[in-house]
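Here is the structure we will look at, set down as structure tokens.
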């Protein structure tokens, strides 16, 4: 049992934070051989036979490909307007590869040219029957579930038995938390949300399900870095042996979607742009992009619509800011358009220090008075907020009181929230 970390062991925290942050943010092309060997080892460690492996160009294509294989109804009509042509072309290629890797030779000839053309009932029935066991395995049969049961839990227990509580807490805070903030909070979570947002409601559930059943490859860096530290710095080799396959995949590829006899795995993002605080940010294109064109637009860590990023600030109408429902998105639009321009667009009712009460009635047809409170956020440099307040508010103090819950009770906040 390791109850205390030596100074030398503590001195290696930064080494593992750097190592796994680099892995998590890598834009290098996937090392397919290393990743495939890792997947096979992961399956064997889970007590399953190695799968057929189908490479996809992004996590979105992982989910769409599986949805098409698993659902008899046409998915293409539901999503083709929501994703780019290059993404959709990649889906077609992955579907063909998936089907060709899974169905019997008698079916291959029918689907070789294009899955999209295979609309005959008999063909769909053949495909469903042939790949049913491989693809429609229940969650309980999936590799991810098996990994959680036989790999994750056993590794957790083995390491837990080998280190004291204080040691565990120290490494958790120093390694896992740091990598989590740099990789998952900055990038992985945005990828997850963008996958869901990129498809229509009719197939969203299926694709969203694929997100939760995925292994996140390089974006699993936070917890994999934790166990890598225990292995390399603390000598817990046998206790972490079952992670060797997952480590290999994480170091060499993007997300993977494992099932009993087939596994889809994606390339890593080939574009990644961050601001000085390590948040996704790009003012001239996607902040994250994959080889098929699937991308995420973001400003200062906030996911944005493509048009919000790519439209020059002088061409963005101030009413775009006012009509945006998301507080975070509205904040970034305000930053882009400029505070003075927003003030000029409305009528200033009162100004005092870092607060302004502005009537934006010109934006809202048929509304005689639309007060908005403009305020500087001292916790984030050069960040302004603009939010609508009750039409009862005719002064800054009334607007502040209203935000606190009672327009008649004067409230003076120590700091803007």
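Coordinate-derived values only; no laboratory data. Small disclaimer: the values here were computed from a predicted structure and weren't measured. When we count neighbours, we look across all protein chains shown, and the Cβ atoms used for this are built from the backbone with ideal geometry, even at glycine.
Each label point is 7 Å from the Cα along the Cα-to-Cβ direction; what then is the distance between the points at residue 273 and residue 168, in nm?
4.3 nm
How far, in nm, would the chain grow between residue 412 and residue 354 when pulled straight, counting 0.36 nm per residue and subtracting the alpha carbon separation? Please report the intermediate quantities before stating the final value.
On the way: separation 58, 0.36 × 58 = 20.88 nm, distance 1.33 nm.
Extra length available between residue 412 and residue 354 comes to 19.6 nm.
Just subtract the alpha-carbon distance of residue 34 and residue 193 from 0.36 nm times their residue separation and send over the number in nm, one decimal. Show your work: numbers first, answer last.
Working: separation 159, 0.36 × 159 = 57.24 nm, distance 2.80 nm.
Result: 54.4 nm gained on full extension.
Could you list 228, 31 in order of exposure, starting from the residue whose Cβ has the fewest other Cβ atoms within 10 Å? Each step should come with its number before you reach the end.
Numbers: 228 21, 31 16.
Fewest-to-most Cβ neighbours within 10 Å comes out as 31, 228.
Can you give the relative contact order of the range 215-304 as a percent, counting alpha carbon pairs under 8 Å and 6+ residues apart?
Working: 129 pairs, mean separation 18.5, N = 90.
It rounds to 21 percent for the range 215-304.
Residue 22 to residue 284: extension gain in nm, 0.36 nm per residue of separation minus the Cα-Cα distance?
Roughly 91.9 nm would be gained on extension.
Arrange 290, 355 by Cβ neighbour counts within 10 Å, fewest through most, would you? Intermediate values should be presented prior to the final figure.
Values: 290 27, 355 16.
Placing the least packed residue first, the sequence is 355, 290.
Take the alpha carbon gyration tensor of the range 313-404, find the square roots of its eigenvalues, order them as a ≥ b ≥ c, and report rounded if a/c is under 1.5; if not, report prolate when a/b exceeds b/c, else oblate.
On the way: a/c = 1.60, a/b = 1.10, b/c = 1.45.
It comes out oblate by the Cα gyration axes.
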